[in-house]
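Scroll down for the structure; my scribbles are underneath it.
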Amino acid sequence: MTEQPGARDPKQLRASDADRERVAQVLHNAMGEGRITMAELEERLGTVYGAKTLGELEPVLEDLPGIQPAPQPGQLPVVAQQALPPEARIGGKPGSTTSIAIMSGATRKGNWVLPPQHNSFAFWGGTEIDLRKARFAEKHSTITAVAIMGGVEITVPDDIHVEVTGIGFMGAFETVDKKNARPEDEVPADAPTVKINGFAFWGAVEIKRLPREPKKKQIEQ
């Protein structure tokens with residue numbers, strides 16, 4: 001008689017970006033409470049962002065109080081649904097170091113980790129970089145944006161520091177603070193810093209500062 005297959009082990013289910021972010025927030029909270037050190041946090045975050053299954057997320061939480069030892073499908077530790085403070089978004093495995101669009105388009109957005117150096121190039125095309133949901137591999141990052149008869153659009157949340165030093169020649173290299181964006185002098189001192197440099201020739205590089213969580217029904221101009 002053929003045996004019926006048993007229920008799939010929840011630990012073997014693939015982890016989503018949301019699962020990894022929930023576990024990362026638990027770890028940040030643990031560091032804030034003094035349960036783990038900064039070095040331990042960085043080590044565990046490396047495991048978290050490299051995890052492929054729910055089971056691989058379990059070891060980084062097993063010595064923390066109040067955590068279920070065996071995750072159930074879609075039921076990893078639940079934490080308050082609030083944005084992480086900017087200084088807590090530092091760490092993780094760096095994402096792509098380039099975004100290139102030649103007579104085409106390229107996008108970097110959503111949950112990704114900005115590496116210490118990212119190069120964006122657009123020629124007769126456009127690239128889009130959105131950092132509102134991004135993490136930062138290090139506290140200080142640099143984006144070099146070059147637009148030649150093309151465009152590079154970089155969206156940054158208004159709770160990180162931004163330094164823009166690019167040059168436009170017969171083109172534009174500019175920063176635009178959208179409505180409701182907080183002033184730069186109100187950004188927390190220990191927030192990540194992103195330096196944006198580069199060159200625009202017969203093209204444009206536009207840096208937009210927006211609130212991290214736009215209001216519902218709000219239409220960006």
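Looking at the stretch 67-88, can you tell me whether even one residue there is modelled with pLDDT of 75 or more, open to solvent by less than 60 Å² (accessible area, probe 1.4 Å) and touching a helix residue (DSSP H, G or I) at 6+ places or on another chain (Cβ under 7 Å)?
Within the stretch 67-88 (the criterion being modelled with pLDDT of 75 or more, open to solvent by less than 60 Å² (accessible area, probe 1.4 Å) and touching a helix residue (DSSP H, G or I) at 6+ places or on another chain (Cβ under 7 Å)), the answer is no, since none of the residues qualifies.
So Leu27 clears everything in (1) open to solvent by 80 Å² or more (accessible area, probe 1.4 Å); (2) modelled with pLDDT of 80 or more; (3) under 14 Å from Ala88 (Cα atoms) except one condition, right? Which one?
(1)
Consider Phe136 carefully, then state whether it is open to solvent by less than 50 Å² (accessible area, probe 1.4 Å), of a type in the set (Phe, Trp, Tyr) and at pLDDT 90 or above.
So Phe136 fits the description; yes.
Would you mention how many residues in the stretch 40-58 are open to solvent by 50 Å² or more (accessible area, probe 1.4 Å) and over 20 Å from the mean Cα position of the chain (by Cα)?
2
Considering the stretch 100-119 alone, what residues qualify as being more than 18 Å from Pro157 (Cβ to Cβ) and open to solvent by less than 10 Å² (accessible area, probe 1.4 Å)?
Step one: list which residues in the stretch 100-119 are more than 18 Å from Pro157 (Cβ to Cβ), which gives 100-106, 116-117, 119.
Result: Ala101, single match.
Which one of the conditions (1) in contact (Cβ under 8 Å) with a residue 40 or more places away in the chain; (2) under 22 Å from Leu41 (Cβ atoms); (3) buried (at least 17 other Cβ atoms within 10 Å of the Cβ); (4) in contact with a strand residue (DSSP E or B) (Cβ under 7 Å, 6 or more places away or on another chain) does His161 fail to meet, given that it meets all the rest?
(1)
Of all residues in the stretch 121-133, which are open to solvent by less than 40 Å² (accessible area, probe 1.4 Å) and touching a residue at least 40 places away in the same chain (Cβ under 8 Å)?
Within the stretch 121-133, Ala122, Leu131 qualify.
Of all residues in the stretch 15-24, how many are assigned to a helix (DSSP H, G or I) and surrounded by fewer than 14 Cβ atoms within 10 Å (Cβ to Cβ)?
Residues that pass the stated criteria total 2.
Having 2 or more residues that are out of contact with any His (no Cβ under 7 Å at 6 or more places or on another chain) and hydroxyl-bearing (Ser, Thr, Tyr) is the bar; report the strands (runs of 3 or more DSSP E) wholly within the stretch 104-221 that clear it.
Answer list for the stretch 104-221: 140-148.
Residue check: is Leu61 farther than 24 Å from Leu114 by Cβ, at pLDDT below 80 and open to solvent by less than 20 Å² (accessible area, probe 1.4 Å)?
no
Can you find, within the stretch 164-199, the residue that is least open to solvent (accessible area, probe 1.4 Å) among those that are touching a helix residue (DSSP H, G or I) at 6+ places or on another chain (Cβ under 7 Å) and more than 30 Å from Phe123 (Cβ to Cβ)?
Ala191
The values are calculated or read from the model by the stated rules, or taken from the named source; none is laboratory data. It should be emphasised that the depicted structure is a prediction, and the values quoted were computed from it without experimental measurement. Glycine gets a Cβ as well: all are built from the backbone with ideal geometry, and neighbour counts include every protein chain shown. When the accessible area is computed, the model is the full protein with side chains, heavy atoms only, and any ligands, DNA or RNA have been set aside. Shrake-Rupley method; radii C 1.70, N 1.55, O 1.52, S 1.80 Å.
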